[in-house]
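Shown next, in structure tokens, is the structure this report addresses.
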Amino acid sequence: MGDFGIKNKEKKEATSSEDEEEYQPLFERTNVDRNKNIKERKTSRFSNAVGTKTLLRGIENYSIWVPDIENVLEMNCLDDYIYEDIIKKVKLVSIPIGDRSKYKKVRGSTRFVYDLNVTDEMLNDEAHAKYILSNSVSDQIKEEINFSAYTCFEIWNILKESYRKSREERIEDIKEKIENKKYDMEDDFAIFPYSYLMLIICMKNWKI
């Protein structure tokens, strides 16, 4: 009886340990475990949603639109692409001529290429996330933001800076930014700094 009780106890402890490992919170896992978990989620929970039910129109519905688009992107395991600068770009002139062929070109730009750490899989996920974003905003917003030239992270910040604050707060910010804004001649005009584009969008929307 003693040996049997010990074996049962060891079996119970082993089962409990396996359960704890299986249900370990995502934030406590290593990067390898996290990447594996994301791949599993993509296989088992892939969403058919291609955008939010309600399109972003501007300041008037930005606060209720944000949770919807975040949920859609999360269901597709693509939310990291709006929160983190994953698709990094580097200036072509900073790369030795002999090494330039190793880099992937940025569409719509002659001065920027993707960082060597940006993989084809990352670009595919980026394109998917951008497609969802594009399907979730109004045609007017799509006309004002060049979705081809900007990454999801940049687009997300353009939208946040354009529509999160009240009109009065934005006017004050715009006035201050216009006074201090300087154009970097080395920047590609097609990849214009999103902060400057935000000023143009706000001035157009509010007729400043």
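Before moving on, here are some points about what is shown:
- Of the residues making up region 151-167, those that are surrounded by 15 or more Cβ atoms within 10 Å (Cβ to Cβ) and not in a helix (DSSP H, G or I) are Thr151, Lys165.
- Summed over region 114-164, residues that are of a type in the set (A, V, I, L, M, F, W, C), at pLDDT below 95 and touching a Gly at 6+ places or on another chain (Cβ under 9 Å) total 2.
- Taking the criterion of being assigned to a helix (DSSP H, G or I) and touching a residue at least 40 places away in the same chain (Cβ under 8 Å), the residues of region 141-150 that qualify are Ile141, Glu144.
- Among (1) at pLDDT 95 or above; (2) more than 22 Å from Ile141 (Cβ to Cβ); (3) of a type in the set (A, V, I, L, M, F, W, C) - the single one Ile82 does not satisfy: (2)
- A search for C-beta distances below 9 Å between a residue of region 86-103 that is at negative phi and any residue that is open to solvent by 60 Å² or more (accessible area, probe 1.4 Å) and assigned to a helix (DSSP H, G or I), counting only pairs 6+ apart in sequence or on different chains, returns Leu92/Arg100; Ile95/Lys102.
The values are calculated or read from the model by the stated rules, or taken from the named source; none is laboratory data. Keep in mind that what you see is a predicted model, and the values were worked out from it rather than measured. Using ideal geometry, Cβ is built from the backbone for each residue, glycine included, and neighbour counts are taken over all protein chains shown. Surface accessibility is based on the protein's heavy atoms, side chains included, excluding ligands, DNA and RNA. Shrake-Rupley method; radii C 1.70, N 1.55, O 1.52, S 1.80 Å.
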